[in-house]
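**Q** Have a look at this one.
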Amino acid sequence: MRYLEKTQSKRRRLTEEGLEETLTVHKLEVAGLLRKTLQTTNPIESCFSVSRTITGRVKRWRGDDMVQRWAVSSLLRAEKNFRRIKGYREIPKLIAALQLRSIDRKEVAA
């Protein structure tokens, strides 16, 4: 029974987190393929998977500097497999919407 409670609360938290991002993409009026890409965590999950595989091979960590070097090295390796974001042509519209929101918030704060 406790297992089910933990699983349900975890799912609820993940759904709430995903809902916020989905609503943000909707509020910014992102359309088409870019919207589909930004509503999923697949691109970052793929990057983390490559990083996890590479850093998982390290048998003995020697200090923070070594951890940082391996992390950066694994992310650079993952970068080689990156593909163009679907809907990338819509990114200038997204940037404009973000800048507009930023200006609106500054005016409200003032």
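**Q** For the stretch 16-98, with the dipole built from +1 on Lys and Arg beta-carbon atoms and -1 on Asp and Glu ones, taken about the Cα centre, which of 30, 81, 40 lies farthest toward the positive end?
**A** With unit charges placed on the Cβ atoms, the residue in question is 81.
**Q** Still on this structure, I have one more. Hey, can you rank 78-87, 25-34 by average C-beta count inside 10 Å, highest first?
**A** Numbers: 78-87: 11.5, 25-34: 14.4.
Ranking the peptides 78-87, 25-34 by packing returns 25-34, 78-87.
**Q** For residue 91 and residue 48, compute 0.36 nm times the residue count separating them, minus their Cα-Cα distance, and round to one decimal in nm. Mind dumping the intermediate values first?
**A** Details: separation 43, 0.36 × 43 = 15.48 nm, distance 2.32 nm.
Fully extending the segment from residue 91 to residue 48 adds 13.2 nm.
**Q** Now for a separate question. Pull out the extension gain between residue 59 and residue 24, defined as 0.36 nm times the separation in residues minus the alpha carbon to alpha carbon distance; nm, one decimal.
**A** Values: separation 35, 0.36 × 35 = 12.60 nm, distance 4.11 nm.
Using 0.36 nm per residue and subtracting the Cα-Cα distance, I get 8.5 nm.
**Q** How many nm separate the modelled label positions at residue 69 and residue 83, each set 7 Å beyond the Cα in the direction of the Cβ?
**A** 3.4 nm
We did not get these values from a lab; they are worked out from the coordinates using the rules stated. From a predicted model like this one, the values you see are computed outputs, not experimental measurements. So basically every Cβ, Gly included, is an ideal-geometry build from the backbone, and we count neighbours across all protein chains shown.
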